[in-house]
Amino acid sequence: MEYKIPLFNLNFDEAEEKAVCEVLRSKWISTGPKCEEFEHLFAEMLNVKYAISVSNCTDALHLACYVLGLGDGDEVICPSLTFVATANAIRYVGAVPVFVDIASCEDLTISPEAIELAITSKTRAIMVMHYAGYSCEMDAIMNIAQKYNLRVIEDACHGPLSEYKGKKLGTIGDMGCFSFFSNKNISTGEGGMVVTNNAELAEKVRLYRSHGMTTMSYQRAQGHATQYDVVGLGFNYRMDDIRAAIGIAQLHKIQQDLAQRQKVREQYLKQLSDISEIYVPFKDNQYFSSNYILPIVLKQSTQQYRNEIRNRIHACGVQTSNHYPAVHRFSAFCSAVSLPLTEYVSDNELTLPMYAALTDTQITYVVDVLKSAINQ
């Protein structure tokens, strides 16, 4: 169905069209100068030393696990309230995702207390996910990591330019991973980025994103090398210059887009404040956020009731989503762990429309429809 107010609105215009045409006319469309420019701009915006473009965030997460040396039987603590790619990447290297609960119905990020309780002699890393663009409690998590000598991977797919105590998300742990999927704040259709301040890790990511080859086609075409060696088992995880050019155009818009998203969120918070039947996660957040999505959680609810509410809202032309079905419940994982907060939120969360172009009138309509759906 065509929604009156969709969940997401793609922020594309002539800038992206022009960027793509310029690449096509350049006759170099694979990994090349635009990827290098995109990486440089992204690193500069995050104030991080190294940014390496890849084909998507799942590949970014896999490479992070791979270059950190995680392997068979190693345990990696992670949230279950996330997209399945977070956990899949751990399994790709033969490691075991250990799911732990979130902090609360108002803080949907991984609980530091639950992390520490889950540590065993096999634990090698923690993978956090900054839900909706809001930071996990990184001071506590980094203290735990230091105490137990663990590596930290940040799944920051929701949080480009989001902050925690003045630091950009993705730059606090050992490595950060970003997504440029079609519905993300920065969209290239598909695409991702790995960031780190560690030169050795950055070099390994560059190497293994392209088959373990010591030079890439663009370098050889420019006369910087005539041959290459393959020094390890690598992958074909490269971004191409077409998507990188779109990413550059998106980066030029991101500051204005995020500023407007903040205004949208403020209007939502004002209008949602008198609905006693819901939690509004992160409503007291103190740090700059990308405001990737707008989640609410129904109180004293069930999954069936949540679905009824969604259907009523959809019938009024407003699209919603659910972020996320709990990963530990999927058949592919068959995890017997009990995560009561995660399970409640997974069953009773609703994601409302969130994008910079939303007007106050549209926000009022969404909230009025939500109120009506709850009060029926």
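The values are calculated or read from the model by the stated rules, or taken from the named source; none is laboratory data. This one's a predicted model, so the numbers in the text were calculated from it and none came from an experiment. Virtual Cβ from ideal backbone geometry, glycine too; neighbours counted across all protein chains shown.
List of remarks:
- Of all residues in segment 116-126, one or more are in contact with a helix residue (DSSP H, G or I) (Cβ under 8 Å, 6 or more places away or on another chain), at pLDDT 95 or above and of a type in the set (Gly, Ala, Ser).
- Lone qualifier among 370, 339 - being more than 26 Å from residue 87 (Cβ to Cβ) and either in the same structural domain as residue 269 (by TED's automatic domain parsing) or touching a residue at least 60 places away in the same chain (Cβ under 8 Å) (or both): 370
- Test: residue in segment 186-200 that is surrounded by fewer than 24 Cβ atoms within 10 Å (Cβ to Cβ) and in a helix (DSSP H, G or I): yes
- Any hit, segment 316-331, residues being of a type in the set (A, V, I, L, M) and under 25 Å from residue 375 (Cα atoms): yes
- Some residue of segment 149-172 being touching a strand residue (DSSP E or B) at 6+ places or on another chain (Cβ under 6 Å) and farther than 24 Å from residue 292 by Cα: yes
- Residue that is surrounded by the most Cβ atoms within 10 Å (Cβ to Cβ) [pool: residues in segment 112-139 that are assigned to a loop (DSSP other than H, G, I, E, B) and touching a residue at least 24 places away in the same chain (Cβ under 8 Å)]: 136
- Segment 18-36 residues that are hydroxyl-bearing (Ser, Thr, Tyr), paired with ones that are part of a helix (DSSP H, G or I) (beta carbon under 7 Å, 6 or more apart): 30/217; 30/241; 31/218; 31/241
- Residues located in segment 158-177, provided they are out of contact with any Phe, Trp or Tyr (no Cβ under 8 Å at 6 or more places or on another chain) and not charged (D, E, K, R): 166, 169, 171, 173, 175, 176, 177
- Note on segment 224-274: residues that are polar (S, T, N, Q) and either in a helix (DSSP H, G or I) or crowded, with 17+ Cβ neighbours inside 10 Å (or both) amount to 7.
- Scanning segment 45-68 for residues that are farther than 17 Å from residue 180 by Cβ and either among the charged types (D, E, K, R) or in a helix (DSSP H, G or I) (or both) turns up 49, 65, 66, 67.
- A residue that is within 15 Å of the chain's Cα centre (by Cα), under 30 Å from residue 242 (Cα atoms), part of a loop (DSSP other than H, G, I, E, B) and among the hydroxyl-bearing types (Ser, Thr, Tyr) can be found somewhere in segment 74-89.
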